[in-house]
Structures are given as C-alpha cells and as structure tokens.
Amino acid sequence: MEMRAATVDDAAAITRLVHGCMRTYRAFMGDDWEPPAPEDQQADLEQRLGGVGVRTRVAVAAQGEEFAAICGWMPARTEDEPRDPVPGLAHLWMLFVAQGHWGSGLAPNLLDWARTGMKAADYDTARLWTPTGQARARAFYERRGWYATGTEQYNPGLGLDVTEYRLVLT
C-alpha cells in the first residue's frame, strides 16, 4: 500500500472515495438519505486541499487503482466569520476508508499519522466531528483515546447530526 500526500489534482478521486464511503451512512440514516452531490464535495475539497496548514494523506492499493483511504487535518477555526484559527487546536477534517479495506489497519495507521503530525506542529488538542449515528466510527475513535464532548449539532451540508470529539495530544 502506497501512502503519499494528497494534492489538488487528486480531488476527483478523493471525491469518489468520500462519496462511496458516505453512501454507507444509509445503514444508520435510512435508504432515503443521500450524501452531498459529488460536484459540491469536489469544489469544497479542491479549496481545502490548497489551504494553508492543510495536511492530507492518501492510501493507494495498487498502481492505477482508486484510493483506498484518505486522512486530512488542518488548523481548527472558529465557527463564526471571519473563521479565525483556534490557538492550540487542530481539526481532523477527514478520515475515510473504502469499505473493501475496512479492518485492514489503514484507519489506525492514518489516524496515528495525523496525531503525530498535529503534535509535531505544536498543537495540544485535536477535534473532529463524526456523524452521531455512526456507531462504528465513534467506537473506533473512542478506542484510540478520543472522547465525545457532549456537543452535537445538525450539519446542513451533510443533512445529519454530528458529534464533536476531542483528543489531548500527549
């Protein structure tokens, strides 16, 4: 499995991976739920991938294949405009593994990569938001020391509720 930094040129392939992974949310959201349109995801992804302080890593199973996984983190920002950086807080904004690679060790590997990078960049805490109904992901994060803060909110872009998790970077 090749691991490498993602670039803006990877946006279309990452969008396909994320869209496919989000389709698995129907298991807890119901068959009527639809993930965001790929073209909307790709435009946002292209913008983020080119952002200051954004770090991403993709896993490629074999030459010419689609990505098996993606992980990305960046400086956390305030919710309100002008979206200022939050001192000492990193934001894990993406961790997706294609269903065919679940249980392969990719998710823990990528999460360790993010944690190491956040700590090396002098962050003391990390934050992520995950779908409230996604028990598999929530259990995964909790096994790795992340804790739910008790903050939940509706994410209109995703059309579902999300729960905030934090991790003290030690």
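Overview of results
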read-out: Percent RCO, i.e. relative contact order, over the range 59-121, from Cα pairs under 8 Å lying at least 6 residues apart; value: 32
read-out: Size of the range 112-165 as Cα extents on the principal axes (Å, biggest first); value: 34, 22, 18
read-out: Equivalent ellipsoid semi-axes - Cα gyration tensor, the chain, angstrom; value: 22, 20, 17
read-out: Choice from VAL97, VAL18, VAL54 with maximal GNM fluctuation in the chain (Cα, 10 Å cutoff); value: VAL54
read-out: For the range 56-146, accessible area per residue (1.4 Å probe, heavy atoms of protein chains only), Å²; value: 49
read-out: Cα-centre dipole for the range 12-109 with unit charges at Cβ (Lys and Arg positive, Asp and Glu negative), debye to 20; value: 460
read-out: Selected from LEU17, LEU158, LEU92 as most flexible by GNM, with the chain as the system and alpha-carbon contacts under 10 Å; value: LEU158
read-out: Dipole of the range 1-154 [Lys/Arg +1, Asp/Glu -1 at C-beta], most positive-end residue of ALA11, THR24, PRO82; value: THR24
read-out: Nearest-20 debye value, the range 11-57 charge dipole, Cβ charges on Lys, Arg, Asp, Glu; value: 380
read-out: Efficiency of FRET from Cβ geometry, GLU2 and ASP31, R₀ 35 Å, rounded to 0.05; value: 0.50
read-out: Value at 222 nm in deg cm²/dmol, rounded to 500, when DSSP H runs of n ≥ 4 in the chain each add -39,500 (n - 2.57); value: -9500 deg cm²/dmol
read-out: Sites excluded, GluC sites (Glu not before Pro) in DSSP loops with at most 16 other C-beta within 10 Å, longest stretch of the chain; value: 80-170
read-out: Sparsely packed trypsin sites (Lys or Arg not before Pro) within the range 62-147, loop by DSSP, other Cβ within 10 Å at most 11; value: ARG83
read-out: Of all accessible heavy-atom area on the range 71-126, the percent that carbon and sulfur account for (1.4 Å); value: 50
read-out: Taking the range 59-168 and dividing mean pair separation by its residue count, relative contact order in percent (alpha carbons under 8 Å, at least six apart); value: 21
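The values are calculated or read from the model by the stated rules, or taken from the named source; none is laboratory data. Since this is a predicted model, take the numbers as computed values, not measurements. Quick reminder, even Gly has a Cβ in these numbers, built from the backbone with ideal geometry, and neighbours come from all protein chains shown. Please note that ligands, DNA and RNA were not included when accessible areas were found on the heavy atoms of the full protein model with its side chains. Shrake-Rupley method; radii C 1.70, N 1.55, O 1.52, S 1.80 Å.
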